[in-house]
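A short worksheet on the structure shown next.
The values are calculated or read from the model by the stated rules, or taken from the named source; none is laboratory data. Everything quoted here is computed from the prediction, not taken from an experiment. Quick reminder, even Gly has a Cβ in these numbers, built from the backbone with ideal geometry, and neighbours come from all protein chains shown.
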Amino acid sequence: MVLADLDTNKKVLSLGYSYQDLSDLAAGNSAVAMVFSYLKEIALKSRESSADAPFEQLMLDQFADRRYLRQLQDARLAQATNMYSYSRNMDFDAWDRQYYWQGSHDLNQQLQGLALSRQLVVLLSNRQGLLIGEEEKSTSGPRFVIEQIDSLKLQGITILGLGCLRQDRYQPLIDAYFQTGNMPHELKATLAGKSTDITHNGVKNKSLIMLFQTAYKKKIKILAMGDNSIVSPEMVNELIWQATATNSSVVDILKAL
């Protein structure tokens, strides 16, 4: 927890992390998990006066920085505006021609019977990238990229984007890793907490950590595509909001390359 700061005169400890940051770190680091559990105990002591409040609300009431919350509110309002703008200006006809009904049928016909490496040739023909479904703690996405990294690179892929990592929080740590080859402890703990074990070529490690190590060896850049203003979905209809918000954020990140 390198951002933590203790003011011995005022006897105040500033952790320097948001609730989500601590939650991410705690999943992969026992020391942070202990600090997080202490904070939970403190917040739970106020439950008597807020018996029906969700746990996250108790944490907000007890520890939240009001300026940070206002910034987050402003960011989410701006996000909603961007989502409307991107949706209004998107060329849905071009998308439908390629992927809806006949276009999807034709593409599947081209892929049928081909080895995976040849399927990648078809999928990346006249396309600048490939979108792979991503589920938290699923090994299928990382395993696919690790196993097909040479084929992807051969087809011109030079960047891997990960939606599970916030761009503002983790990109500096990712860049530091790719510059030195030494993974920062905070990045390693977060990746471990968002991963499950995977074995490849007899080597066992956390799936996202192995993905990073493979990308580093192959000189393929990794971009964090997540956005702190994107709300995690709790209901099925919120998945649509999350997908649209993520898409608009990713467009901005890719345009800046």
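Here are a few things to note about the model shown:
- Residue within the stretch 83-100 that is closer than 30 Å to PHE36 by Cα, free of Cβ contacts under 8 Å to residues at least 12 places away in the same chain and loosely packed, with under 13 Cβ neighbours inside 10 Å present: no
- Listing of helices (runs of 4 or more DSSP H) fully contained in the stretch 153-225 that carry 3 or more residues being under 27 Å from ALA245 (Cβ atoms) and among the charged types (D, E, K, R): 167-180
- Helices (runs of 4 or more DSSP H) lying entirely in the stretch 91-145 (those with 2 or more residues that are closer than 30 Å to MET210 by Cα and at pLDDT 85 or above): 116-123
- Residue match in the stretch 30-43 (condition: in contact (Cβ under 8 Å) with a residue 60 or more places away in the chain and either buried (at least 17 other Cβ atoms within 10 Å of the Cβ) or assigned by the TED database to the domain that holds GLN57 (or both)): yes
- Contacts under 7 angstrom Cβ, first residue in the stretch 175-197 being within 11 Å of PHE212 (Cα to Cα) and in contact (Cβ under 8 Å) with a residue 12 or more places away in the chain, partner of a type outside the set (Gly, Ala, Ser) and assigned to a loop (DSSP other than H, G, I, E, B), 6 or more apart: TYR177/MET183; TYR177/PRO184
- Every pair of residues 6+ apart whose Cβ atoms lie under 8 Å, when the first sits in the stretch 58-73 and is in contact (Cβ under 8 Å) with a residue 24 or more places away in the chain while the second is surrounded by 15 or more Cβ atoms within 10 Å (Cβ to Cβ) and not in a helix (DSSP H, G or I): TYR68/SER18; LEU72/ASN228; LEU72/SER229
- ILE157 vs. criteria within 30 Å of TYR99 (Cα to Cα), crowded, with 17+ Cβ neighbours inside 10 Å and at pLDDT 90 or above: yes
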